[in-house]
Amino acid sequence: MATLPCDECEKSGPSCPAGFERPYRQPYLIGVYLATNAIADAATVVDGPDCAFFKAEFIHGKHDLGSTLLDVTGHHRILVSQVTTDDLTLSQGRRAAELARRAAQQPATTLVMVTAMPLVTITGVGHDQLVRDLQPEVDADLVAIPGRSMQGDWLAGYEDVLTLLARRLVERGGEPPADGGADRPSGVCSVSVIGYLMDRNEEDHRANVAELRRLIEGLGLELDTIWLSGQRWPEMGQALRSDILVALPMGRSAARTIAAQTGAQVVEVDLPFGLADTERFIRAVGRATGTEQQAEMMLVQELEQALPRLEWAIPHYFLGKRVALFGTPDLFGGFHQLATELGMEVIGLGCPAHRPPWLDLDGWTGVTPTFDVSPETLSRGWWRSEDRRPDIVIGTTDALKCV
C-alpha cells in the first residue's frame, strides 16, 4: 500500500488511485522450487501448511512443461509437512525430519533441501540442527534453506539455494573429486559457470546452456559444470576442481564460497545477452585464462556470422519501434544495449521482484527499471500517454496480464 502522497494527485490512502496497489511478485519459495526443478535428483521438504505444495503447480506443467517436480505415482520432489496451527507446537520439525528421511532414502535422490514457511519459522524450529542430526543416518546430502519468505522474493530464494549448496560442498570435505582432473588434457584450464537462472527445463534454457558451453569450449577451455543447468547434484561437485569460476550475477556469493576453499579465481561477469555483453564475457574469460588470442579470433568469427543476419531485419522489424521488457534484472543491461543497437527505443524495463542487491544502477543511462509491476503503476508510467506506449512488449504471460 502506498504510504506517501502520489506524485500525480498529491493524495494518499484510499483517496488516491495508487493507495492500494497490487504489485506482482512471486514469493521466496518459488525461487527455491525453481532451483529444485533445475537439479535433476534434488528434493525439497517444506515445513508448513499444505498450501506450500500447490505452489509447485505454478511451475510444473504450467511455466515448465518439462518439470519433474510432481509425479503421477506420488513420488513428488516437493514434500510438505502439512502442519497446522493446532499441531504446530507439538510437531517441532519432526514431520519435516521424517519427510526428509524418506526423500533421502529414494534411490534417485542425492540431495534434499529443507525449508519452512513463516508459520513455522516464527516458532523457532531449528531446521539447520534438524538437518545436522539427520545427516549421519542417510547417504543423500541434506541442506537447510532459511525460511525467508517474509524477507525475500523468488530471486532471493534461488540465489540463497546456490550459496548454501556451495557451502555444503565445502563442508562435506572441500576436496576436489578423486580424479583431481586427471582426465583433463595437460595445460587445459578448467572452468565452471555459477549463477545461471534455469527457471525451466525447456528448449529455450537448454539452448542457453548449450550456448554457454559453446562459448567456453570455443576458447579451448574445459567446462566442468554450469550452475544450474538441469544436471545431477554429483555433477555440480565438479566445480570444486575448476581453475576458474565464472560468476554470473546470481552466483557471485556461491562462487566466492567455493573459491575460498579451492583457491579458484572468480571472474565476475554479466550474462552474455546481446552483442556487447557477449563480447565483454568472452574477453573477460579470455583474460582470466590466458586465451586472449583465441577470444579475439572468436569474436571476429561470431560477428561475421551475426551481423549479416541482423542487418536485413533491422529496417523491417526493429527500427523506430518502442519496446518494453518484463524480465529478470540480469537481462536489463544486455537487452537495453541490444535494442538500442537495433534502432529501437526502450521505454520500460520491469521485473516482478524486489531490486536485487547485485544490480548496480550507478552510471546507468537508460530508462529506470521498475520493480513494482502492477496495472496501476503501468497506467501511471509506460501507458500514461497513448502516443508513448510500446509497440512491442516482451515478458511472461503473468506479467503481460498487467498490460
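The values are calculated or read from the model by the stated rules, or taken from the named source; none is laboratory data. Every value quoted in this text rests on a predicted model; they were computed, and no experiment measured them. Note: ideal-geometry Cβ built from the backbone for every residue, glycine included; neighbour counts use all protein chains shown.
Assorted remarks:
- Residue within segment 73-82 that is touching a residue at least 40 places away in the same chain (Cβ under 8 Å) and surrounded by 17 or more Cβ atoms within 10 Å (Cβ to Cβ) present: yes
- Qualifying helices (runs of 4 or more DSSP H) (wholly inside segment 209-300; at least 3 residues being among the hydrophobic types (A, V, I, L, M, F, W, C)): 252-262, 275-289
- Residue pairs meeting the criteria (Cβ under 8 Å; at least 6 apart or on separate chains; first on the phi > 0 side of the Ramachandran plot and not assigned by TED's automatic domain parsing to the domain that holds A166, in segment 186-206; second buried (at least 20 other Cβ atoms within 10 Å of the Cβ) and of a type in the set (A, V, I, L, M)): G195/L162; G195/A247; G195/L248; G195/M250; G195/A254; G195/A255
- D160 surrounded by 20 or more Cβ atoms within 10 Å (Cβ to Cβ), at pLDDT 95 or above and out of contact with any helix residue (DSSP H, G or I) (no Cβ under 7 Å at 6 or more places or on another chain): yes
- Residue check for G334: assigned by TED's automatic domain parsing to the domain that holds T365, within 25 Å of W154 (Cα to Cα), outside any strand (DSSP E or B) and touching a helix residue (DSSP H, G or I) at 6+ places or on another chain (Cβ under 6 Å): yes
- Members of segment 43-71 that are of a type in the set (S, T, Y) and surrounded by fewer than 22 Cβ atoms within 10 Å (Cβ to Cβ): T68
- Pair list, Cβ under 7 Å, 6 or more apart: segment 48-71 residue free of Cβ contacts under 8 Å to residues at least 24 places away in the same chain, other residue among the small types (G, A, S): H60/S67; G61/S67; L70/A56
- Scoring D270 on the criteria (1) surrounded by fewer than 19 Cβ atoms within 10 Å (Cβ to Cβ); (2) in contact (Cβ under 8 Å) with a residue 12 or more places away in the chain leaves a single failure, condition (1).
- Flag not set for Q261, criterion: more than 24 Å from A140 (Cβ to Cβ), outside the structural domain of L69 (by TED's automatic domain parsing) and more than 20 Å from the chain's Cα centre (by Cα).
- Contact map, segment 274-290: residues that are closer than 18 Å to N208 by Cβ paired with residues that are assigned to a helix (DSSP H, G or I) and modelled with pLDDT under 95, Cβ distance under 6 Å, separation 6+ or inter-chain. Pairs shown: G274/G334; G274/Q337; G274/L338; A276/Q337; D277/G334.
- Hey, R355 of a type outside the set (F, W, Y), surrounded by fewer than 18 Cβ atoms within 10 Å (Cβ to Cβ) and part of a helix (DSSP H, G or I) or not: no
- The set of residues in segment 92-109 being touching a residue at least 24 places away in the same chain (Cβ under 8 Å) and either surrounded by fewer than 20 Cβ atoms within 10 Å (Cβ to Cβ) or over 26 Å from E235 (Cβ atoms) (or both) consists of Q92, G93, R95, A96, A97, R101, Q105, Q106, A108.
- Residues that are surrounded by fewer than 24 Cβ atoms within 10 Å (Cβ to Cβ), of a type outside the set (F, W, Y), under 21 Å from R200 (Cα atoms) and in contact (Cβ under 8 Å) with a residue 60 or more places away in the chain within segment 230-247 comprise G230, Q231, R232, P234, listed in sequence order.
- Only one of the numbered conditions (1) surrounded by 16 or more Cβ atoms within 10 Å (Cβ to Cβ); (2) of a type in the set (D, E, K, R); (3) at pLDDT below 70 is violated by R384, and that is (1).
- Being crowded, with 18+ Cβ neighbours inside 10 Å, of a type in the set (A, V, I, L, M) and within 19 Å of A52 (Cβ to Cβ) holds for only one residue in I122, I145, and it is I145.
- Residue that is crowded, with 16+ Cβ neighbours inside 10 Å, touching a helix residue (DSSP H, G or I) at 6+ places or on another chain (Cβ under 9 Å) and of a type in the set (D, E), where the choices are E302, E341, E296, E292: E302
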